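What follows is one structure encoded as structure tokens, with my remarks underneath.
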Amino acid sequence: MVNVRERAAAVAAEVRDPEMPMLTLADLGVLRDVRVDGDVVVASITPTYSGCPAMATMRDDLVHRLTDAGFPRVVVRVVLEPAWSSDWITESGRAALREAGLSPPGPAAHRTGPVPLTLGPSRREVRCPRCGSARTRIVSEFGSTACKALYRCGDCLEPFDHVKEI
Amino acid sequence: MNDSVYDGLLGGDSSQWAFGTDFEDPLAGVDTSVPAGIDATQLATYCLMLGDDTLVLSQRLAEWCSRAPELEEDIALANMALDLLGQARLLLARAAAADPACVPALPAGSPVPAEDALAFFRAAEQFRNVRMAEVPNGDFAHVVVRLLLFANARLAVLSRLRDSADAVLAAVAAKGVKELTYHRDWAGRWFVTCAQGTDESRRRLLAALDRLWPLHDELFTPHPVELSLAGLGVGVDPGSVRAEADVVLDQVLAVADVPRPGTPGVRGRTGRDGLHTEALSRMLAEMQVVARAHPNGRW
């Protein structure tokens, strides 16, 4: 018999991010835990950014998918600690981002003390997800959603999104 | 058939909407018990202070929507407004969870969640934000200077608040640090760009700095509640981060070749005491009007 918790976890892991549907919640690293307590499935998610408006949809989608899969009672909890990091995006998630024309994040800085200021252009190395060129230029550190920056390729000239390091 | 085309959309399943319509508790499942030895009212007041700062500034940034000089900067300002609004939501929800008595009473049956009641049903004198957050918008240089001064001070506070004895505040701070790092870098880069750009951009930058500088001291002026909670390891005394924030600000001023203004700060009671400029009332009138007109409304 398949373990009930594993089955619930597998269903929850396949729910997709509403703003970046090429990623599952597991790929994105926001699904922190799934457990079964009696007949209740408790799924824990963490926001990517404090104001991420996709949280409500993720919660609804988790409830729907789990209910459809035969789990009648679903509770979705918020976990704030530790704060989400783009480092939690899985390797398969990074591949899915590239496939969809988005540049995946580089390693995030993990600091404990005072935060240093960066007045120059950010030092991240970004390759164009379309043509692979390293001749890319930042257009804006803020893009179409809280988690993305906007870049342009210097060779194929296409604009593209880069998932920010956080 | 529905009499109104909208009737069929109400009630039942809300997930047909892009982001749902429900107001679920942003702290659902989070342990919000007040740490031992901490006064719940003080903790709630402290959360309101930090939360009101970001709520009010978020509203000011949102007023920039469609008005920025370039589309990219319009989107940048909206992104920063959203981050600050998210921080405000968590902080106001934390205030309400710590001390439900701080939440304004609403008519029976109102679906308004506690953090919205705090945002939309308090009068200006009940807000605890610093006045730097509330003064009206000016030109683009004004929002650059305001964000630089605010984000720089707030980043120094939050980077210490990550060690707060209150686990919720520590978690909100840890996330906020990551977001504000991007905000401060954005403002710092534009500060230098404006200062080193044309005569006109430099003139505007210096004028904005001149206008906002009298409110800069307030960012580092501790309120007794901040001092008390700092002593208990829950809050941060903003006065204690001044030197650290000054180092960063001097870095920006040096690169921009802009002298540090000499104008003294406004003294006396502050926004933390509920003393505000009249601009806050006007801003709140617009921000709150719909919620106040329909306290039982479902959206």
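The values are calculated or read from the model by the stated rules, or taken from the named source; none is laboratory data. Keep in mind that this is a model prediction, so the values were computed, not measured. Cβ: placed from backbone, ideal geometry, glycine included. Neighbour counts: every protein chain shown.
Worth a mention:
- When the stretch A:134-155 is filtered for residues that are surrounded by 14 or more Cβ atoms within 10 Å (Cβ to Cβ) and either of a type in the set (S, T, N, Q) or more than 8 Å from chain B (Cβ to nearest Cβ) (or both), the ones remaining, listed by number, are A:T136, A:I138, A:S140, A:T145, A:C147, A:K148, A:A149, A:Y151, A:R152, A:C153.
- Top-ranked residue of the stretch B:260-299 - restricted to ones that are among the charged types (D, E, K, R) and part of a loop (DSSP other than H, G, I, E, B), ranked as nearest to the chain's Cα centre (by Cα): B:R269
- For the stretch A:97-108, filtered to residues that are buried (at least 16 other Cβ atoms within 10 Å of the Cβ) and within 28 Å of B:L148 (Cα to Cα), the residue that is farthest from the other protein chains (Cβ to nearest Cβ) is A:G106.
- Here A:S85 meets the list (1) modelled with pLDDT of 95 or more; (2) surrounded by fewer than 20 Cβ atoms within 10 Å (Cβ to Cβ); (3) more than 9 Å from chain B (Cβ to nearest Cβ) almost entirely, failing just condition (3).
- Residues that are at pLDDT below 95 and of a type in the set (K, R) within the stretch B:275-299 comprise just one, B:R298.
- Condition check for B:S110: modelled with pLDDT of 95 or more, assigned to a loop (DSSP other than H, G, I, E, B) and hydroxyl-bearing (S, T, Y): no
- The set of residues in the stretch B:54-71 that are more than 15 Å from B:V143 (Cα to Cα) and surrounded by 16 or more Cβ atoms within 10 Å (Cβ to Cβ) contains only B:L55.
- The number of residues in the stretch A:94-133 being hydrophobic (A, V, I, L, M, F, W, C) and either in contact with a strand residue (DSSP E or B) (Cβ under 6 Å, 6 or more places away or on another chain) or on the phi > 0 side of the Ramachandran plot (or both) comes to 3.
- Selection from the stretch B:90-116 of residues that are within 14 Å of another protein chain (Cβ to nearest Cβ) and either buried (at least 24 other Cβ atoms within 10 Å of the Cβ) or more than 22 Å from B:V290 (Cα to Cα) (or both): B:L90, B:L91, B:L92, B:A93, B:R94, B:A97, B:E115
- Among all residues of the stretch A:80-94, there is none that is among the β-branched types (V, I, T) and closer than 28 Å to B:F191 by Cα.
Residue by residue, here is whether (1) free of Cβ contacts under 8 Å to residues at least 12 places away in the same chain; (2) closer than 28 Å to B:R189 by Cβ; (3) buried (at least 16 other Cβ atoms within 10 Å of the Cβ); (4) of a type in the set (D, E, K, R) holds:
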{"site": "B:G231", "(1), (2), (3), (4)": "yes, no, no, no"}
{"site": "B:A245", "(1), (2), (3), (4)": "no, yes, yes, no"}
{"site": "B:A254", "(1), (2), (3), (4)": "yes, yes, no, no"}
{"site": "B:V258", "(1), (2), (3), (4)": "no, yes, yes, no"}
{"site": "B:G262", "(1), (2), (3), (4)": "yes, yes, no, no"}
{"site": "B:R269", "(1), (2), (3), (4)": "yes, no, no, yes"}
{"site": "B:L280", "(1), (2), (3), (4)": "no, no, yes, no"}
{"site": "B:V290", "(1), (2), (3), (4)": "yes, no, no, no"}
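This table checks each residue for (1) among the hydroxyl-bearing types (S, T, Y); (2) within 30 Å of B:V34 (Cα to Cα); (3) buried (at least 20 other Cβ atoms within 10 Å of the Cβ).
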residue: B:T193; (1), (2), (3): yes, no, no
residue: B:R211; (1), (2), (3): no, no, no
residue: B:L215; (1), (2), (3): no, no, yes
residue: B:L227; (1), (2), (3): no, yes, no
residue: B:V236; (1), (2), (3): no, yes, yes
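- Per-region count, the stretch A:31-61, residues within 20 Å of A:G143 (Cα to Cα) and either more than 12 Å from chain B (Cβ to nearest Cβ) or outside any helix (DSSP H, G or I) (or both): 8
- Any helices (runs of 4 or more DSSP H) falling wholly within the stretch B:120-232 and containing at least 3 residues that are at the interface with chain A (Cβ under 10 Å from one of its Cβ atoms): B:140-161, B:167-195
- Check on B:D166, surrounded by 20 or more Cβ atoms within 10 Å (Cβ to Cβ), closer than 27 Å to B:A81 by Cβ and without any contact (Cβ under 8 Å) to a residue 12 or more places away in the chain: no
- Residue count for the stretch A:65-81 under the criterion of being outside any strand (DSSP E or B), under 20 Å from the mean Cα position of the chain (by Cα) and either polar (S, T, N, Q) or within 7 Å of chain B (Cβ to nearest Cβ) (or both): the result is 2.
- Matching option when the condition is charged (D, E, K, R) and more than 13 Å from chain A (Cβ to nearest Cβ), among B:D52, B:D83: B:D52
- Meets criteria (in a helix (DSSP H, G or I) and either modelled with pLDDT of 95 or more or under 20 Å from B:R122 (Cβ atoms) (or both)) for B:L27: no
- Filter result for B:E244 (away from chain A (no Cβ under 13 Å) and not polar (S, T, N, Q)): no
- Condition met for B:V258 (among the hydrophobic types (A, V, I, L, M, F, W, C) and modelled with pLDDT of 95 or more): yes
- Test: residue in the stretch A:127-141 that is closer than 30 Å to B:E244 by Cβ and β-branched (V, I, T): yes
- For the criterion of being more than 11 Å from the chain's Cα centre (by Cα) and modelled with pLDDT of 95 or more, A:V30 fails.
- When each of A:R94, A:R111 is tested for being surrounded by 16 or more Cβ atoms within 10 Å (Cβ to Cβ) and either modelled with pLDDT of 95 or more or of a type outside the set (A, V, I, L, M, F, W, C) (or both), the lone residue that passes is A:R94.
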